Structure formats: C-alpha cells, structure tokens
Amino acid sequence: MGLRSGTAVQAAEEAGPDAELYFQRCRWCHTTTFQRLLCPTCGSTDLNPELSEGEGVISVRRGVAAADADLWPVYMTEGFTVRCRVDGPLHAVRPGVRVKVSSGVGVTGRRPVVRLCEEVPLDGWI
C-alpha cells in the first residue's frame with residue numbers, strides 16, 4: 001500500500017531503526033505538523049509527508065501524566081513539535097537542550113527517540 005496524503009503516521013511507524021522521522025506539510029498553507037489527519041491551521045486534508053532533518057530543541061513540558069513521565073516535547077527545526085523519549089543522563093534532559101533523532105535507537109512504538117547533542121555537566125553549569 002503506497003503513501004497517500006494524510007498518512008505520514010504510517011511513514012513514521014515504518015521508519016524503523018534507520019531513525020528517519022517523517023512529518024507532514026500542508027499543501028495549501030505549508031504548515032508543518034506531526035501525525036495529524038487535518039492541517040491545524042487551515043483544516044485541509046491535503047498533507048504531504050516529508051523527511052525531517054531530525055534536529056530540534058527540548059521544550060517546556062506541562063501537566064505530565066505518570067504514563068508520559070519519560071516523554072518530552074521537542075520543537076523540530078521544520079517547525080513542528082513531537083513528544084519524544086530522550087536518550088541521555090537525566091540531569092541533562094531539560095528545556096533548551098539541542099537533540100537529534102537517535103540513529104541507533106530509531107522509533108520505539110509510536111514515539112521517536114532522540115539523543116542529546118551536547119554534554120551538560122552534572123551541576124548544570126558550563
């Protein structure tokens with residue numbers, strides 16, 4: 001079965017260990033999004049799957065449920081946000097830290113895994 005517009009969810013799930021992360025871009029207003037059926041800006045269903053560069057920054061998280069305690073929102077360079085598992089020391093995982101989709105881990109289930117791009121000292125100060 002081939003990819004149709006609005007099916008980037010399949011592409012993300014099929015990414016596997018090569019750590020490819022697919023997102024969607026609306027063909028009408030060019031808004032980027034992740035795993036949606038409709039454009040969040042204009043409501044179009046004409047979404048084109050695209051391959052992400054896989055780089056982003058950890059964002060602030062609010063109202064975290066116990067089941068999602070290990071997930072962090074990551075703002076990707078293409079302009080969409082995705083909740084990811086972060087591979088790295090717990091003291092270094094915080095908002096503002098640059099991350100990249102992990103080449104060794106890939107997508108686990110439906111959540112991408114990212115690794116820290118920079119080492120942060122234990123005390124948090126550089």
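The values are calculated or read from the model by the stated rules, or taken from the named source; none is laboratory data. Predicted model only: the values in this text are computed from it and were never measured. For neighbour counting, all protein chains shown are included, and Cβ atoms are generated from backbone atoms with ideal geometry for every residue, glycine included. For the accessible areas, the whole protein counts, side chains as well, though only heavy atoms, and no ligand, DNA or RNA atoms are used. Shrake-Rupley method; radii C 1.70, N 1.55, O 1.52, S 1.80 Å.
Structure data summary
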| quantity | calculated |
| --- | --- |
| Boolean, Arg94 is more than 12 Å from Phe23 (Cα to Cα) and either free of Cβ contacts under 8 Å to residues at least 60 places away in the same chain or not basic (Lys, Arg) (or both) | yes |
| Boolean, Thr33 is under 22 Å from Arg115 (Cα atoms), among the β-branched types (Val, Ile, Thr) and either under 14 Å from the mean Cα position of the chain (by Cα) or modelled with pLDDT of 95 or more (or both) | yes |
| Where Val60 falls short, out of the listed (1) open to solvent by 50 Å² or more (accessible area, probe 1.4 Å); (2) at pLDDT below 95; (3) in contact with a strand residue (DSSP E or B) (Cβ under 7 Å, 6 or more places away or on another chain) | (3) |
| Qualifying residue in the range 6-24 (condition: modelled with pLDDT of 95 or more and either open to solvent by less than 30 Å² (accessible area, probe 1.4 Å) or farther than 29 Å from Cys117 by Cβ (or both)) | yes |
| Of the criteria (1) of a type outside the set (Ser, Thr, Tyr); (2) open to solvent by less than 60 Å² (accessible area, probe 1.4 Å); (3) at pLDDT below 95; (4) assigned to a loop (DSSP other than H, G, I, E, B), which one Glu78 fails | (3) |
| Search result, residues across the range 101-126 that are out of contact with any helix residue (DSSP H, G or I) (no Cβ under 8 Å at 6 or more places or on another chain), open to solvent by 60 Å² or more (accessible area, probe 1.4 Å) and either at pLDDT 85 or above or acidic (Asp, Glu) (or both) | Arg115, Glu118, Asp123 |
| Which numbered condition Cys39 misses (of (1) surrounded by 15 or more Cβ atoms within 10 Å (Cβ to Cβ); (2) in a loop (DSSP other than H, G, I, E, B); (3) of a type in the set (A, V, I, L, M, F, W, C); (4) at pLDDT below 95) | (4) |
